[in-house]
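What follows is one structure encoded as structure tokens, with my remarks underneath.
The values are calculated or read from the model by the stated rules, or taken from the named source; none is laboratory data. Quick caveat: nothing in here was measured; it's all calculated off a predicted structure. Counting neighbours? That spans all protein chains shown, and the Cβs are built from the backbone with ideal geometry, glycine included. When the accessible area is computed, the model is the full protein with side chains, heavy atoms only, and any ligands, DNA or RNA have been set aside. Shrake-Rupley method; radii C 1.70, N 1.55, O 1.52, S 1.80 Å.
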Amino acid sequence: MTLLLLGAVLLVAQPQLVPSHPAVPGPGPRQQELLRKVGTLQEDIQEGAATNGSTQQLPQTIIIGVRKGGTRALLEMLSLHPDVAAAENEVHFFDWEEHYSQGLGWYLTQMPFSSPNQLTVEKTPAYFTSPKVPERIHSMNPAIRLLLILRDPSERVLSDYTQVLYNHLQKRKPYPPIEDLLVRDGRLNLDYKALNRSLYHAHMLNWLRFFPLGHIHIVDGDRLIRDPFPEIQKVERFLKLSPQINASNFYFNKTKGFYCLRDSGKDRCLHESKGRAHPQVDPKLLDKLHEYFHEPNKKFFELVGRTFDWH
């Protein structure tokens, strides 16, 4: 009953979208009042919370993308830290209207139980490329810290295709070869959604309309695959977490061909759906992809003030 009341109150209290404006360093009066109500209602549901005093909190950090950039690996590695409580599933609150219309009360119920000293994290890779999401997250909490993991745009396109291909195969549905999707009338098919998702510069511009660059930490997804520990150390520092994750938490699994995790003496690897081999692609088509992303990549490097080892 109390959770239903929480959802109803916050659906009414949810702020309306506002015109674009520069990012501000902290929540304004309206956001402060909204978050105060959330805090009050959180106290009301603590009787039903775990006996150790944990409760559900709105996330202080969100992994916003990018799809097929390594978001699941990043979340699993970050979860090694004792002060991190991670939502298990992709919530899709800010990008799916049927979820967003239910208000922050519903969003709160999707979060894990956590202690007061823990950082609540959720990840939904589709956020990065969804036009409405930056403003909506800013309306909830303009001081939130965001994690964005990116990899070589061409490789990301191939991973995107591979995931959809396997989804179709599992359902015994046909799916065209990648060449049929990437090429139309001898040119790259710019209507192919996987290409658009790799235009990082265009999407990043939308996020920087609402958040300063200092609130968005970009994780190098290619380096995370090759040598995860240094990248996770940077994430710890960005989130102002104590250095708890160690090099001993990672080991290279020769059978799988990528790093797995070791936590409290227990080994675990990512799901078998991760790290699938990409389809064989004509080198000339790969060259077209690299050429297409060359200028957008340069613009992205200039925008964020750093470079990446991409084609």
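Based on this model, can you work out whether residue 105 counts as out of contact with any Phe, Trp or Tyr (no Cβ under 9 Å at 6 or more places or on another chain) and over 24 Å from residue 250 (Cβ atoms)? Answer is yes for this residue.
Find all pairs meeting these conditions: Cβ atoms under 9 angstrom apart; at least six residues apart or on different chains; first residue within region 229-252 and among the polar types (S, T, N, Q); second residue at pLDDT 95 or above and loosely packed, with under 12 Cβ neighbours inside 10 Å. Going by the 9 Å Cβ cut-off, the qualifying pairs are 233/243. If you go through region 153-191 and keep only what is over 18 Å from residue 294 (Cα atoms), assigned to a loop (DSSP other than H, G, I, E, B) and either over 26 Å from the mean Cα position of the chain (by Cα) or not charged (D, E, K, R) (or both), you end up with 171, 172, 173, 174, 175, 176, 177, 185, 186. Assess whether residue 93 counts as being free of Cβ contacts under 8 Å to residues at least 40 places away in the same chain, open to solvent by less than 10 Å² (accessible area, probe 1.4 Å) and not in a strand (DSSP E or B). For residue 93, the condition - free of Cβ contacts under 8 Å to residues at least 40 places away in the same chain, open to solvent by less than 10 Å² (accessible area, probe 1.4 Å) and not in a strand (DSSP E or B) - is met. In region 255-311, the residue that is farthest from residue 214 (Cα to Cα) out of those that are among the hydroxyl-bearing types (Ser, Thr, Tyr) and at pLDDT 95 or above is 292. Taking region 196-311 and the helices (runs of 4 or more DSSP H) fully enclosed by it, the elements with 1 or more residues that are more than 21 Å from the chain's Cα centre (by Cα) are at 283-304.
Screening 125, 134, 116, 112 for residues that are crowded, with 21+ Cβ neighbours inside 10 Å and over 12 Å from the mean Cα position of the chain (by Cα) leaves exactly one candidate, 134.
Among the residues of region 191-211, at least one is buried (at least 16 other Cβ atoms within 10 Å of the Cβ), farther than 29 Å from residue 84 by Cα and aromatic (Phe, Trp, Tyr). Of note, residue 166 satisfies the criterion of being open to solvent by 30 Å² or more (accessible area, probe 1.4 Å) and among the hydroxyl-bearing types (Ser, Thr, Tyr). For region 137-148, a tally of residues being within 12 Å of the chain's Cα centre (by Cα) and surrounded by 21 or more Cβ atoms within 10 Å (Cβ to Cβ) returns 2.
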